[in-house]
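Data block below; observations after.
Since every read-out is calculated from the coordinates, none of them should be taken as a lab result. The structure displayed is predicted, hence computed values, not measured ones. We place every Cβ from the backbone using ideal geometry, glycine too, and count neighbours over all the protein chains shown.
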Amino acid sequence: MRYTLRQLEVFLATARHESVSQAAVELALSQSAVSGALRDLEKQFDVVLFDRVGKRLYLSEFGRELRAPAEDVLARARELEQSLGGSSVRGRLRVGATLTIGNYLAVPMIAAFRERYPEADVQLEVANTASIAARVADYTLDMGLVEGEFNHPDLSLQPWRGDELCVFAAPGHPVLARGDLDDAGLVAQDWILREPGSGTRQAFDRAMHGILASMNVVLELQHTEAIKRAVEAGLGLGCLSRISLEDAFRRGSLVPVAVPGRDLRRGLGILLHRQKYQGPALRAWLALCRERGEAGADA
């Protein structure tokens, strides 16, 4: 065999970071060792894996073609190593989740997974749907749990569980005296919403079709807790997943507002790379996702 698994690790780490120095940090190697491994791999096969522009590296066309099969080879090698070590589910799993899922659903799942598979390590990255999709597409993440719809030729989005957005206000807000909100009432309010690119904002915009351009969005924030605090302060109405609001509704610090004329239901999804090999850890995690998804559907 004319290449080594270490060379593939170096290639993939450099591809993820587009940086020799950051790849060296990830792999606990010197920069000269990383540069040497890349140089040897390119020289052995007379190929160019990266286009070098100044100090920056960019994957070449051939490098992009090589990335998926290299990921596959490494994943299968790690699976073999795990089997030789006597454990079928071990090692690191990199999971991405959007804000609502990451804060309210993923952490208990990680705890349950670690209890079942103590030799496995799940690392969680929380970001909006667009960011998670980009990181699944470039193999930085093994999979994503997302709130929004996303179309990408290399990614598949599978249904996971249902969810519902909920409009809410601070106790004593004048809107609560109106009862149900019709379209005129929705347009008359100030709104505090998630930022564009988030799954929650995507679902809200879709639900408000026909009146969205007339609505007054006074704040766009990246965090659900910041939105809840702003609504509690009386700055406007918010709209978030009911999952993220249940505690506040129980305490009475926020109050749901009925919007019968608008469909605020949505689905949560599992985002996977079509070409990524699913090793034992990823397969076990996906099985747990299906379990929790079915439980959420029955709740």
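In the neighborhood of Ser19, defined by Cβ-to-Cβ distances under 11 Å, what is the net charge if each Lys or Arg adds +1 and each Asp or Glu adds -1? That sum, taken over residues with Cβ under 11 Å, equals +1.
Express in nm, to one decimal, how much length is gained between Arg265 and Tyr3 on full extension, taking 0.36 nm for each residue of separation and deducting their alpha carbon distance. Result for the pair: 89.3 nm of gain on full extension.
In this rough spin-label picture, where each label sits 7 Å from Cα along the Cβ direction, the Phe62-Arg229 distance is 5.3 nm. Projecting label points 7 angstrom from Cα along Cα→Cβ for Ala258 and Val48 puts them 6.7 nm apart.
Any idea what diffusion coefficient the chain gets from Stokes-Einstein, in µm²/s, Kirkwood Rh on alpha carbon pairs, 25 °C, 0.890 mPa s? For the chosen part, D equals 114 µm²/s.
For Lys55, the lysines whose Cα comes closer than 21 Å to its Cα, not counting residues fewer than 8 places off in the same chain, are Lys43. Arranged from fewest to most other beta-carbon atoms within 10 Å of their beta carbon, Thr140, Thr14, Thr4, Thr98 become Thr4, Thr140, Thr14, Thr98. Note on segment 5-66: with charges restricted to the Cβ of Lys and Arg (+1) and Asp and Glu (-1), its dipole about the Cα centre is near 200 debye. How many percent of all Cα-Cα pairs in segment 1-160 sit more than 28 Å apart? Distances greater than 28 Å cover 30 percent of the Cα pairs. Reported value for segment 143-199: 144 Å³ per residue, from the convex hull of its C-alpha atoms.
Above 13 Å lies some portion of the pair distances; for segment 5-66, what is it as a whole percent of all C-alpha pairs?
Values: 1063 of 1891 pairs.
Counting pairs separated by more than 13 Å, the tail of P(r) holds 56 percent.
Cα centroids of segment 45-60 and segment 94-161: how far apart, whole angstrom? If you average the Cα positions of each part, the centres end up 30 Å apart. Modelled label positions at Ala33 and Gln222, each set 7 Å beyond Cα in the direction of Cβ, lie 3.4 nm from each other.
Which net charge results when you count Lys and Arg as +1 and Asp and Glu as -1 among the other residues whose beta-carbon is under 15 Å from that of Leu221?
Values: positive: Arg194, Arg201, Lys228, Arg229; negative: Asp190, Glu195, Glu220, Glu225, Glu232.
Charge balance in the 15 Å sphere: -1.
Around Arg206, with a cut-off of 14 angstrom between Cβ atoms, what is the net charge of the other residues, counting Lys and Arg +1 and Asp and Glu -1? Numbers along the way, then the final one.
On the way: positive: Arg194, Arg201, Arg262, Arg265, Arg266; negative: Glu147, Glu149, Asp163, Glu164, Asp205, Asp263.
Charge balance in the 14 Å sphere: -1.
When each of His17, His273 is scored by the number of other beta-carbon atoms lying within 10 Å, the sequence from fewest to most is His17, His273. Using equal-weight Cα scatterers in the Debye expression, the normalised intensity of segment 162-264 in log10 at q = 0.14, 0.16, 0.17 Å⁻¹ is -0.45, -0.61, -0.70.
What is the fewest-to-most order of Met109, Met1 by other Cβ atoms lying within 10 Å of their Cβ? Mind showing how you got there, number by number?
Working: Met109 20, Met1 4.
Ranking Met109, Met1 by Cβ neighbours within 10 Å, fewest first, gives Met1, Met109.
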